[in-house]
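Below: the structure, in structure tokens.
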Amino acid sequence: MKSNENADDPSSGLPAPALRGGHPPQPKTTTLADSADALSAALIEQRGIAMAAQHRARMLAHEIEALRASTSWRVTAPLRWLSRLLQGGQQASPVPGRTVSGRLLARMDAWLLLPTPMRHMLRRSLFRLAPFAFAGSPDYEDWKRRRNAPQALANLRFEPVDKPTVTILIPTYGQLEMTLACLTSIAKHPSRAAVEVLVVEDASGDPNMQRLANIPGLRFVTHPQNLGFLRSCNAAGSLARGEYICFLNNDTEVEAGWLDAMLSLFESQPGCGLVGAQLVFPDGRLQESGGIVWNDGSAWNYGRLEQPGGSTVSYVKEADYCSGAAVVLPRSLFEQLGGFDELYLPAYYEDTDLAFKVRALGLKVFLQPAARVVHHEGQSHGTDVTAGIKAHQVDNQAKFQARWREVLARENFPHGMQVHLAKDRSNLKKTILVLDHRVPQPDRDAGSRSTRAIIDTLLRMGLSVKFWPHNFEFDPIYTPLLQQAGVEVMYGVQHPGEFRRWLDVWAEDLDYVLLNRPNVAAEFLPAIKARSRAKLLYYGHDLHYEREAASARLAADDDALAKAEQTRLLETSIWSQVDVVYYPSHTETAVVQAALPGVTARTMPLYALPPMETAPLLGRDRDEILFVAGFGHPPNVDAAQWFVREVFDLVLKKRPGARLVLAGSNPTNAVRALASDRIEVTGYLTDEALKGRYQRAGVAVVPLRFGAGVKGKVVEALYHGLPLVMTSVGAQGLPDVEHVSGVVDDPIDMAADIILLMSEDDNWRVRASAGSRYAEENFSLSTMRQVLELDIDAKPYINAARGIATSHRQ
């Protein structure tokens, strides 16, 4: 059930840039004489290079000729042929489904001129000998299905379900072996959800299909008469019992986690109405990662023939449509829409039309790249659009375009235009590019948690978010988390050094750019300002130069103090080049405004925290002291050492059972050396494990002696309702926090306040309650959004033309 199996094949890579209105660098003025001299020198140089190349080519030709004339070359010829054959399955081919090994099979048939039975016997032997070499080729896949069919019929079984969450609905018209391969893959990769599998046979007349009725747990239904593909699907939909229906072609094979990944979007993505899987060819290359519909009704299978895993095809995104070969939607919605429209009988464009109807109800259509499904394209309906059921594809395009003409004219681009926007339906959305030093690791450091909170807020505002990490690396843990949130993350070999090329494509369509940290901003700002008129936002996280200067003064290091001054000049320069500057505290924004009175500087909460119930005093370990920090950060190492040296011994004299927990990632050797029977160094903790620590401990400490800006560890402790004792450095940027927490710099006073919290229940409860209210009032989701909305207008464009005059970029 695929409306555009032979849709246009866009070439891989980025599209040619649209006309831009940026500020390109001015060309250098040269004289005619300069040009002539340069041309003459270049010609001489090129002539020398060409002569050298010709000489080298003649030498290589002689060497190759001698090698091919040698006895060893003739003797090893069969081995080279076998090597090419065995390696062929891993090589690319311009024809979908035709690996190099497949082409070699065809050549072998032509060379050997064997009778058909002997040719088939030789092929079967090769398939058994080296299956890895032929995987993905149609001949091998067909042989494998036929070989596995008897075993599948004997062993396949599904658990019976009384109240299924999902009905996997597989329409068939014969093709027993193909259907068995599909069913086997479903059984091999079970879902966590309660699933019923329903096969509906459309009266093909193939008696072998009735053998499916013997598979335990499988619902098998045969229509009394042939209904045709579309009507068969609708009739099957009426038989489904699940809350969701998953339409799955019988010429597919699902991969691990496919269904759970699709279902997850109905929970994580507001307004999700339909989810499609990412389709791949048997040889592993992409067939479709969401569909693009152009304003003439034609369509593209986006990502076709590319490799899965690339940055442009690996994030959850909205799509114009997703192929009906593998889609999930609520059963109630399918019924509300009347199923697939019979306007498109017998098939093709019914799934595209369904996606547009879903959107017409105010819902969204999503592509889930984590749901990967192998689709043997053309096995169900063929690929020739001039014959058979495929011939209806062209006719139905015209019907579709007539029905949705106004929507297509308003929301979709002309054929092949603005692919970078069309691929995730950013046609009408404002787009923001976020740059930071790496993909955020929110459970490892406060800066990452802050960056992730901002990204999540931007997504909730309705913006299309692109993320460019300075290190260009794919983080196997954290990149997929950002992609699943709906962010396109740039990474991999295709991107290093190509930021300017990427900007050339996006320059006119970027509405906002958010730069994080001074070193990142300094590197990317020149290219952005030269190519784009986007509004520039800068989030500093903290005043880096203040933190460096405090550390230098504590160590009496004049060289470090000079470096801090260079950092101050860098940060000041960045402020002057952007439109808006954000910092987490009023103290920091006041510094910016004092240095550059004309700059817009705003205070933005470090975190955007949802409401949470805090753990009561009962059940806590009152003697446990918790210091949470990322110990790859020098101020935190110094704080741990100072607290153990100056404060902890004083606490132990009054509370001999006291214990200190140093919790956080990347503990240095100096921190690990602090471990003892009274001091635990945990290393990295997951968010869930860290939450358990906050709920168990009796008191939190933040004993920083230098640093800058709002400290995430302070906000976290307050948020979890854990009474807190900290230094004045730890309290930086938090107005009136001294009214809800202990703020002391003297070791004796700090120890006394900790002992007080360990001893007095009423004091503990008052401080815990006050701290929790403070965090809720100052670090809520709405507070962060309110600040960002002062500078970001997320209101969609009124049409796909986007109209530069309607944006801030007038």
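The values are calculated or read from the model by the stated rules, or taken from the named source; none is laboratory data. Everything numeric in this text was worked out from a predicted model, so none of it was measured. As a convention, Cβ positions derive from the backbone with ideal geometry for all residues, glycine included, and neighbour counts pool all protein chains shown. Only protein heavy atoms, including side chains, enter the accessible area calculation; ligands, DNA and RNA are left aside. Shrake-Rupley method; radii C 1.70, N 1.55, O 1.52, S 1.80 Å.
Once the Cα-Cα distance is subtracted from the 0.36 nm per residue extended length, the residue 530 to residue 500 segment shows a gain of 9.8 nm. A simple spin-label model places pseudo-atoms 7 Å from Cα toward Cβ; at residue 668 and residue 645 they are separated by 1.2 nm. Heads up, I need the accessible area for residue 283: 1.4 angstrom probe, whole protein in place, Å², nearest 10. The accessible area comes out at roughly 40 Å². Charge tally for residue 779 (other residues, Cβ to Cβ under 15 Å; Lys, Arg +1; Asp, Glu -1): +1.
Taking 29 Å as the straight-line reach from the Cα of residue 423, the lysines in range (excluding those fewer than 8 positions away in the same chain) are 2, 317, 357, 364, 390, 399, 466, 529, 535, 795.
The magnitude of the dipole of segment 388-488, with charges of +1 and -1 set on the Cβ of Lys/Arg and Asp/Glu and taken from the Cα centre, is near 440 debye. In straight-distance terms, cross-link reach from residue 691 covers every one of the lysines whose alpha-carbon lies under 30 Å from its own, apart from those fewer than eight places away in the same chain; here that gives 653, 654, 711, 713. For the pair segment 692-744 / segment 205-272, the C-alpha centres are spaced 54 Å from each other. Just going by the charge dipole of segment 666-810, with Lys and Arg at +1 and Asp and Glu at -1 on Cβ, which of 741, 797, 695 is farthest out on the positive end? The Cα lying farthest towards the positive end belongs to 797.
The heavy atoms of residue 461 present about 20 square angstrom of accessible area, all protein chains included, probe 1.4 Å. Rounded to 0.05, the FRET efficiency of the residue 776 and residue 155 pair, given R0 = 60 Å and the Cβ-Cβ distance, is 0.60. Local charge sum around residue 273 (other residues, Cβ-Cβ under 11 Å, Lys/Arg +1, Asp/Glu -1)? Its environment carries a net charge of +2. Would you mind checking segment 614-634 for residues with the amide N under 17 Å from a putative spin-label position 7 Å along Cα→C-beta of residue 761? Hits in segment 614-634 for residue 761 at 17 Å: 615-623. Seen from residue 227, the other residues with C-beta closer than 14 Å to its C-beta sum to a net charge of -3, counting Lys and Arg as +1 and Asp and Glu as -1.
Computed across segment 565-668, the Kirkwood hydrodynamic radius from all distinct Cα-Cα pairs reaches 17.8 Å.
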